[in-house]
Amino acid sequence: MELKGTIISLKPISLLEANESYLSWLHDPQVMQGIATSGYTLDNLKQYVSARVNNPAVAFFAIWSNPTQEHIGNIKLEIQDEKARVADLGLLIGNKNFWGKGVGKEACKLAIRYGFEQMHLRKIYLAVYENNPGAKKLYEKLGFKLEGTLRKHVQVENHFYDKHLMGLFKNEFIS
């Protein structure tokens with residue numbers, strides 16, 4: 001299965017993508033500024049990917065550039081409450097050469113549409129940190145609404161930042 005967009009495609013991630021290139025993104029402070037997890041090794045990265053690939057409650061996609069056929073990031077929807085049909089959205093554009101080119105927006109649109117249409121989700125939510133205002137703006141453009149803020153909740157290097165919780169229902173999605 002492939003979700004094809006204009007500039008990128010989403011393909012189910014495999015252990016082949018859990019490689020040194022992916023690992024290098026997780027060790028890049030610029031890439032990780034809006035992400036809480038850190039300290040990955042190749043072994044525990046493979047364990048992380050394997051656990052999600054084998055979980056039917058997770059739709060985990062590698063983001064591929066259509067023109068260059070490079071793996072440039074990942075996006076996932078992970079059901080957090082099966083009964084309520086609620087999933088958490090996570091996005092990582094690891095290859096910085098593709099930042100600011102609409103990749104995140106197109107990846108989110110494809111994944112969100114998949115979540116509502118194929119996974120029959122009722123709601124998609126996410127967390128975005130105060131130090132990543134571009135991501136927050138992107139999510140607002142897609143229709144996400146601020147549902148709450150955990151003040152000075154996450155530490156990135158020596159600074160504490162707010163963690164914004166945002167949610168989206170199908171009728172709010174701006175595709």
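Applying the selection to the range 33-58, what residues are open to solvent by 20 Å² or more (accessible area, probe 1.4 Å), among the aliphatic types (A, V, I, L, M) and either touching a residue at least 60 places away in the same chain (Cβ under 8 Å) or closer than 23 Å to residue 156 by Cβ (or both)?
The answer is 35, 36.
For residue 127, are the conditions met, namely being part of a strand (DSSP E or B), open to solvent by 20 Å² or more (accessible area, probe 1.4 Å) and out of contact with any Cys (no Cβ under 6 Å at 6 or more places or on another chain)?
Working: part of a strand (DSSP E or B): yes; open to solvent by 20 Å² or more (accessible area, probe 1.4 Å): yes; out of contact with any Cys (no Cβ under 6 Å at 6 or more places or on another chain): yes.
Here the answer is yes, as residue 127 does meet what is asked.
Tell me, which strands (runs of 3 or more DSSP E) wholly within the range 1-100 include 2 or more residues that are touching a His at 6+ places or on another chain (Cβ under 8 Å) and over 26 Å from residue 147 (Cα atoms)?
On the way: elements: 8-12, 58-65, 71-81, 86-93.
Here the list reads 58-65.
Out of 157, 106, which single residue is of a type in the set (Asp, Glu), more than 21 Å from residue 51 (Cα to Cα) and open to solvent by 90 Å² or more (accessible area, probe 1.4 Å)? Walk me through how you get there before you give the answer.
On the way: 106 fails: open to solvent by 90 Å² or more (accessible area, probe 1.4 Å).
One residue alone meets the criteria, 157.
Looking only at the range 3-13, decide whether some residue is more than 17 Å from the chain's Cα centre (by Cα), farther than 25 Å from residue 112 by Cβ and either surrounded by fewer than 16 Cβ atoms within 10 Å (Cβ to Cβ) or of a type outside the set (A, V, I, L, M) (or both).
No, the conditions are met nowhere in the range 3-13.
Can you tell me which residue is nearest to residue 5 (Cα to Cα) among those in the range 64-101 that are surrounded by 14 or more Cβ atoms within 10 Å (Cβ to Cβ) and of a type in the set (Gly, Ala, Ser)? Steps first, answer last, please.
First, pick out the residues of the range 64-101 that are surrounded by 14 or more Cβ atoms within 10 Å (Cβ to Cβ): 64-65, 70-79, 85-95, 98-99, 101.
This time we only want the ones that are of a type in the set (Gly, Ala, Ser), so: 65, 73, 87, 90, 94.
On the way: 65: 10, 73: 15, 87: 22, 90: 18, 94: 18 Å.
Only one residue tops the list, namely 65.
Could you tell me which of the residues 132, 74, 97 is in contact with a Gly (Cβ under 7 Å, 6 or more places away or on another chain) and of a type outside the set (A, V, I, L, M, F, W, C)?
Working: 74 fails: in contact with a Gly (Cβ under 7 Å, 6 or more places away or on another chain); 97 fails: in contact with a Gly (Cβ under 7 Å, 6 or more places away or on another chain).
When all the criteria are applied, what remains is 132.
Please enumerate the residues belonging to the range 130-160 that are part of a strand (DSSP E or B), farther than 16 Å from residue 88 by Cβ and of a type in the set (D, E, K, R).
151, 152
Among the residues of the range 114-124, how many are more than 14 Å from residue 60 (Cα to Cα) and either modelled with pLDDT under 95 or open to solvent by 20 Å² or more (accessible area, probe 1.4 Å) (or both)?
Within the range 114-124, the first condition is being more than 14 Å from residue 60 (Cα to Cα), and the residues that meet it are 116-117, 120-124.
Then drop every residue that is not either modelled with pLDDT under 95 or open to solvent by 20 Å² or more (accessible area, probe 1.4 Å) (or both), which leaves 117, 120, 122-123.
Of the residues in the range 114-124, 4 are more than 14 Å from residue 60 (Cα to Cα) and either modelled with pLDDT under 95 or open to solvent by 20 Å² or more (accessible area, probe 1.4 Å) (or both).
Scan the range 125-136 and tell me whether some residue there is among the hydroxyl-bearing types (Ser, Thr, Tyr) and without any contact (Cβ under 8 Å) to a residue 40 or more places away in the chain. Step through it out loud before you land on a result.
The initial filter retains those residues of the range 125-136 that are among the hydroxyl-bearing types (Ser, Thr, Tyr), namely 125, 129.
Filter once more, keeping what is without any contact (Cβ under 8 Å) to a residue 40 or more places away in the chain: none.
There is no residue in the range 125-136 that is among the hydroxyl-bearing types (Ser, Thr, Tyr) and without any contact (Cβ under 8 Å) to a residue 40 or more places away in the chain.
The values are calculated or read from the model by the stated rules, or taken from the named source; none is laboratory data. Bear in mind the structure is a predicted one, so any value in this text is a computation, not a measurement. All Cβ positions, even for glycine, are placed from backbone atoms using ideal geometry, and neighbour counts span all protein chains on display. Calculation scope for accessible area: heavy atoms of the full protein, side chains included, ligands and nucleic acids excluded. Shrake-Rupley method; radii C 1.70, N 1.55, O 1.52, S 1.80 Å.
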